[in-house]
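Visitor: I am attaching a structure below and will ask some questions about it afterwards.
The values are calculated or read from the model by the stated rules, or taken from the named source; none is laboratory data. A quick note: this is a predicted structure, and the numbers were derived from the prediction, not measured. Reconstructed Cβ throughout: ideal geometry from the backbone, glycine too, with neighbour counts over all protein chains shown.
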């Protein structure tokens, strides 16, 4: 088992955003978390990647408890993520955005008296090529289109050479065609680079076409995690989620 | 045997003990403690009035007004001019106390309408830069009008000298400040919580966009808040004038002190400003008893401790996270 | 090493400018030599601040402290010990860097406005001690008549010394900004949260930036002593820090050379306006207001956008409010 979340709880004041979430992700799998708005999906992802601290429960990655570690350490251990809102370095170029991640992965971020322009070039370019942004490498990231910024986010996450890639609604704000292309890309990356993927997504057509395992969240709680067909047929899920939305 | 041979080893004899006790009493003179306490408290009152004005402007306008100290200085110099016009009479002082803050408020109104109001949509650092430029200009303006000499303002006769409480001479004027501070605090509280204008400005502090959506003229609210802030700066300057020598450079000290007070109190929180001012005034005046040479170090050390323990200030900022985020985000751009 | 990260023409231009500056003192009156040297000292101070301000996005509100600490360190070593000047010149920036480490260690726990305020209070603490410790620092009188080695004690020779150290420091700062550290520092400025998520220890990085900036601030302090042979507590007063801050904004804090330009403008203005009028601060104030209304990107930003026909400055998008350092839960995080 690559990632295992057991009985995770997180509340903000009186509001319990995550009230007992369980999740397992096996190596090489593509797991999708679904649930209505406010179900706690983003909070769960923030707990896994360390942006938030768990109140209760444990998060095992490769058998070790990673709950409570700072984000950069979790990243060093092999979990990279993207954010729901495009979250990039606006004033840097596309190339630099990815390069910074690659340099962090190579532990060269604090290297002082070496020019960065010829460091990690091959790795960075190969990532940019595989996501199709190589021809925009010199552009200022903040000036990219929304769709390209989302792809750039994934590219940055790849710079960390993650074992597990956590994507928080990677297709939010994309047109149907862009969504389709982005999902193709994610599946392709997973195959080519042998990365395990955990993502959440609203579009049910997309979910059922890509997911190998689906975890359903409702009001901060895990209803179940199972194969797509089993989830589709589950009465409780239909009532709580599919039926409603 | 040993005892009688070496009395000093086991402790001083009775007579020596009395002498030590007297010396201790002299060092920790209760009268000195009392008067230092009063000095600290009364200074805290003036700091509070000035810092409250700064805090109010910061809350409603999101402008950390670096020129606030210059307005305080103008208040002090105006008080000097007005009171000398009346030959340093008691009436002169009271008139100065009434008019000087209005003069400063007028300066504030002119600045706000002519310049500042055109900048509200700009990046925050630009607003900070503007108020810094204002500080430079107002500082030279004071130099041009009043010169670089030391000036002093006489307290009215009823407030001169000191009263003796338990053998401690307490200056009457400081007692007067102790009375004015809470008065201003209550007045501000009533204004903010009980008047319509006050409520609107409080709402504007919490959520500026909402207020404009409600069809309230945000510009008028901003102008009003800025003028009130300037009024308080001027009042502080007029109040402090009889206790210090009025001179150029008094703006530099007060502004940094007020900023730190506002920060440890909680941005935009008037009560926080009161607590912060008390901390600042008392640590300094009690520091005088402890280590006179380094008395000015104590308040800064106190601020450091507060900020390390409670980075967002002692009391909650009334502007909630909105102010902080908007200040931070705008400034980052 | 500079080739490759510097356009050949720029490098050539830089060499020509430095060479010209070396020839200049024999052509102009001493007064201008002094003014130029003062500009170099101030420019180095402003550029060191801009490493953390413009490239690191940190509210370094009290950078003057490191300048002052560097100056006082060299002054005290030369005045109170018999150590050679070379030791003093090397030790002083290190003392400034250690001060930066101590102040920065506390400050990086906080963000932005609070970072700045904590730094002001810590810096004022140091200022207050220097201001009052008459027996050690000379209190508000400062220290005067600091003995310098004969080789650099004349105006002419101190000019050459200051120019050389200035040029070396600027080159070093440029290399640092173009290094992986510099690139990552800019990333922490643009988006600290994202930076943590790609494996960067943001606080440690910011702390490193502060230490480096305070080191070069200390170097500027040493150069100040070389030029003036004296130190006084105003070097650590917050007004000076704010002035340096303004130089960065004035020159253009999005650019490498902008802060130096800002320093040049302000020092020149003060020197000349100071000759004709005692109201030079008001003139500077009016100039700043004009700048705010008409050149918000700073002089250098304006020149760059004129020459290149476009601005390097990209309108930033507000960062998402997931604040990892705040105790307060953010609504963006809670909803999914």
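Residue-wise test of (1) in a helix (DSSP H, G or I); (2) modelled with pLDDT under 90; (3) closer than 15 Å to residue C:162 by Cα.
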residue	(1), (2), (3)
C:1	no, yes, no
C:10	yes, yes, no
C:13	yes, yes, no
C:33	yes, no, yes
C:37	yes, no, yes
C:40	yes, no, yes
C:43	yes, no, yes
C:48	yes, no, no
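Visitor: Which number in (1) part of a helix (DSSP H, G or I); (2) under 25 Å from residue A:46 (Cβ atoms); (3) within 7 Å of another protein chain (Cβ to nearest Cβ) marks the one condition that residue A:154 misses?
Guide: (3)
Visitor: Can you pull out every residue in segment B:71-81 that is modelled with pLDDT under 95 and either surrounded by fewer than 21 Cβ atoms within 10 Å (Cβ to Cβ) or within 14 Å of another protein chain (Cβ to nearest Cβ) (or both)?
Guide: B:81
Visitor: Still on this model: Might you check whether a residue that is under 28 Å from residue C:196 (Cβ atoms) and buried (at least 23 other Cβ atoms within 10 Å of the Cβ) occurs anywhere in segment A:184-195?
Guide: No; the residues of segment A:184-195 include none that is under 28 Å from residue C:196 (Cβ atoms) and buried (at least 23 other Cβ atoms within 10 Å of the Cβ).
Visitor: Just for strands (runs of 3 or more DSSP E) wholly inside segment A:1-115: which have at least 1 residues that are farther than 18 Å from residue A:157 by Cβ and within 9 Å of chain C (Cβ to nearest Cβ)?
Guide: The qualifying strands (runs of 3 or more DSSP E) are A:3-12, A:15-25.
Visitor: Residue by residue through segment A:157-183, note down the ones that are in a helix (DSSP H, G or I), surrounded by fewer than 19 Cβ atoms within 10 Å (Cβ to Cβ) and in contact with a helix residue (DSSP H, G or I) (Cβ under 9 Å, 6 or more places away or on another chain).
Guide: The answer is A:178, A:180, A:181.
Visitor: Further question: Looking at C:43, C:75, C:92, C:96 in this structure, which one is in contact with a strand residue (DSSP E or B) (Cβ under 7 Å, 6 or more places away or on another chain) and either closer than 27 Å to residue A:89 by Cα or buried (at least 22 other Cβ atoms within 10 Å of the Cβ) (or both)?
Guide: Answer to the selection: C:75.
Visitor: Every residue in segment B:112-140 that is farther than 18 Å from residue C:239 by Cα and without any contact (Cβ under 8 Å) to a residue 60 or more places away in the chain, please.
Guide: If the condition is that a residue be farther than 18 Å from residue C:239 by Cα and without any contact (Cβ under 8 Å) to a residue 60 or more places away in the chain, then B:114, B:115, B:118, B:119, B:121, B:122 are the ones that fit.
Visitor: Also: Can residue C:136 be described as assigned to a helix (DSSP H, G or I), in contact (Cβ under 8 Å) with a residue 24 or more places away in the chain and more than 13 Å from residue C:76 (Cα to Cα)?
Guide: Judged against the criteria, residue C:136 is not a match.
Visitor: Does segment A:22-37 hold any residues that are in contact (Cβ under 8 Å) with a residue 12 or more places away in the chain, surrounded by fewer than 24 Cβ atoms within 10 Å (Cβ to Cβ) and over 21 Å from residue A:195 (Cβ atoms), and which are they?
Guide: Once the filter is applied, which keeps residues that are in contact (Cβ under 8 Å) with a residue 12 or more places away in the chain, surrounded by fewer than 24 Cβ atoms within 10 Å (Cβ to Cβ) and over 21 Å from residue A:195 (Cβ atoms), segment A:22-37 yields A:22, A:36.
Visitor: Another question, if that's okay. If residue B:88 satisfies every condition in (1) more than 26 Å from residue B:266 (Cβ to Cβ); (2) within 14 Å of chain C (Cβ to nearest Cβ); (3) not in a helix (DSSP H, G or I) but one, which is the exception?
Guide: Single failed check for residue B:88: (2).
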